[in-house]
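For reference, the structure is listed below as structure tokens.
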Amino acid sequence: MALQVPYVAFRDWPAGITQQVEQAVLKVMREQQYILGPDVNAFEDAFAKFLGADFAIGVGNGFDALVLALKSVGVGPGDEVIVPANTFIATANAVVHLGAVPVLAEPDQQTCNLTAETAEKHITSKTKAIVVVHLYGQTCEMEKLQQLCKSYNLKLVEDAAQAHGVKYNNQFAGTFGDAAAFSFYPTKNLGASGDGGAVVTSDPELAAFMYRYRNYGQQEKYHNELIGINSRLDTLQAAILKIKLQHLHQLNQERQRLAGVYLQELQSISDLTLPVTADHCGHVYHIFTIRTSHRDELQSYLQQQGMQTAIHYPVPIHLQQAYRFLNYKTGDFPVTEELANTCLSLPLFPGMTAAEQEQVIRSVKSFFV
Ligand SMILES: *Cc1c(COP(=O)(O)O)cnc(C)c1O
């Protein structure tokens, strides 16, 4: 009987991390500072320092981080915001949530990331900002995107929900834009044990706005300077993230090692497209996505043999029912549509065993012979 291989699992890797996390949780329970307790500030400082940014503002989840980042740079009703057509729905929803219009742009066919070339075609007099998404854990080519935003006077926001601890040139993703949104959803490279998120910025004005906005618009309790929301990073999650941040490099290196094994072992299959990393771009393999025209058959074949896979993402935003109001149609984004029809994400997570990975490799190979 073949081994059951999950798409993702939470393992005690590096060994001992589970116990450290449990102790951190216990400490918070005993201190009872559940809302904006000392661990929130400690984690915010540690995360900002890790990335080389001035501020990290902990919030309830990645979606709220995107909303805050966009709102802080002034996105509002009537604005257009350029967003990659192949991203998780949250990126576009955050734009709509602020009353602005998401304008979709094709990714690069090789890297699956938005580029300055494809984004520039969509710039109009109404464009306020560009949201780049470092998809699957690979950074976008930031130099040209920064230049583009500068020359058109646009705000640059990074959706770094899949890109904790990855560098473009020698600089971390999340430090290129005016503001960057991170998610700490449990399966992300830096994951909490529940929902969590953060906005990262080095602009003190944006940070001051966001610290208040996430907490009902108050800095001092019951003194409200603006009409804010409640989206605070939970103290328990902050305590957990503080531990996990100490291991982030190691966790990412393990993902890169596992990706290296896949890349090596699957390279000779002609009907398979493997992830491509562009020059100067780092990749921390939040998701290891292969592409094949036999995607659905491969997925069922692996499933029958006990291996779970995933699709990121099966229905592009412009073909989602919720986005009919934008009046896009099939054929508008051929690269994105092809990706949706051919991509398959293989199991890859820290703590995945060699036996598990060997089985995935063996099965993928045997499918194609
Ligand atoms: C996970 C993710 C988000 C949203 O994060 P949540 O914490 O689940 O709200 C946003 N954008 C991208 C690209 C993501 O992968």
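The values are calculated or read from the model by the stated rules, or taken from the named source; none is laboratory data. Keep in mind that what you see is a predicted model, and the values were worked out from it rather than measured. A quick note on method: Cβ atoms are made from the backbone with ideal geometry, for glycine too, and the neighbour counts reach across all protein chains shown.
Structure notes:
- Looking only at region 144-173, and only at residues there that are aromatic (Phe, Trp, Tyr) and touching a Ser or Thr at 6+ places or on another chain (Cβ under 8 Å), the one that is farthest from HIS134 (Cα to Cα): TYR152
- In region 32-88, the qualifying residues are those that are within 16 Å of the ligand (Cβ to nearest atom) and small (Gly, Ala, Ser), and the one that is surrounded by the fewest Cβ atoms within 10 Å (Cβ to Cβ) is GLY60.
- Taken over region 167-216, the criterion of being over 24 Å from GLY74 (Cβ atoms) and away from the ligand (no atom under 16 Å from the Cβ) is satisfied by LYS167, TYR168, ASN169, ASN170, GLN171, PHE172.
- Lone unmet requirement of (1) away from the ligand (no atom under 13 Å from the Cβ); (2) assigned to a loop (DSSP other than H, G, I, E, B) for LEU104: (2)
- Residue check: VAL96 meets all listed conditions (1) in contact with a Ser or Thr (Cβ under 7 Å, 6 or more places away or on another chain); (2) free of Cβ contacts under 8 Å to residues at least 40 places away in the same chain; (3) among the hydrophobic types (A, V, I, L, M, F, W, C) but one, namely (1).
- Considering the conditions (1) under 20 Å from the mean Cα position of the chain (by Cα); (2) away from the ligand (no atom under 15 Å from the Cβ); (3) crowded, with 22+ Cβ neighbours inside 10 Å, GLN110 is excluded by exactly one of them, (3).
- When residues in region 178-201 are screened for being touching a strand residue (DSSP E or B) at 6+ places or on another chain (Cβ under 7 Å) and of a type in the set (S, T, N, Q), 2 of them pass.
- The residue that is farthest from PRO314 (Cα to Cα), counting only those in region 113-141 that are hydrophobic (A, V, I, L, M, F, W, C) and within 16 Å of the ligand (Cβ to nearest atom), is ALA129.
- For ILE227, the criteria (1) over 17 Å from ALA56 (Cα atoms); (2) surrounded by 19 or more Cβ atoms within 10 Å (Cβ to Cβ); (3) among the hydrophobic types (A, V, I, L, M, F, W, C); (4) out of contact with any strand residue (DSSP E or B) (no Cβ under 7 Å at 6 or more places or on another chain) hold in every case but one, which is (2).
- In region 289-303, the residues that are crowded, with 19+ Cβ neighbours inside 10 Å reach residues that are at pLDDT below 95 with C-beta atoms within less than 6 angstrom, at least six apart or across chains, in these pairs: THR292/ASP271.
- Residue within region 30-40 that is assigned to a strand (DSSP E or B), closer than 23 Å to VAL200 by Cβ and in contact with a His (Cβ under 9 Å, 6 or more places away or on another chain) present: no
- The set of residues in region 67-81 that are in a helix (DSSP H, G or I) and of a type outside the set (Ser, Thr, Tyr) comprises VAL67, LEU68, ALA69, LEU70, LYS71.
- Residues that are in contact (Cβ under 8 Å) with a residue 24 or more places away in the chain, surrounded by 14 or more Cβ atoms within 10 Å (Cβ to Cβ) and more than 20 Å from GLN267 (Cβ to Cβ) within region 308-331 comprise GLN308, ALA310, ILE311, HIS312, TYR313, PRO316, ILE317, HIS318, GLN320, TYR323, LEU326, TYR328, listed in sequence order.
- Residues of region 1-22 that are more than 29 Å from LEU344 (Cα to Cα) and loosely packed, with under 12 Cβ neighbours inside 10 Å: ALA15, GLY16, GLN19.
- Residue tally, condition among the β-branched types (Val, Ile, Thr) and without any contact (Cβ under 8 Å) to a residue 40 or more places away in the chain, over region 332-369: 2
- When SER293 is tested against the conditions (1) more than 17 Å from ILE89 (Cβ to Cβ); (2) in a helix (DSSP H, G or I), the lone failure is (2).
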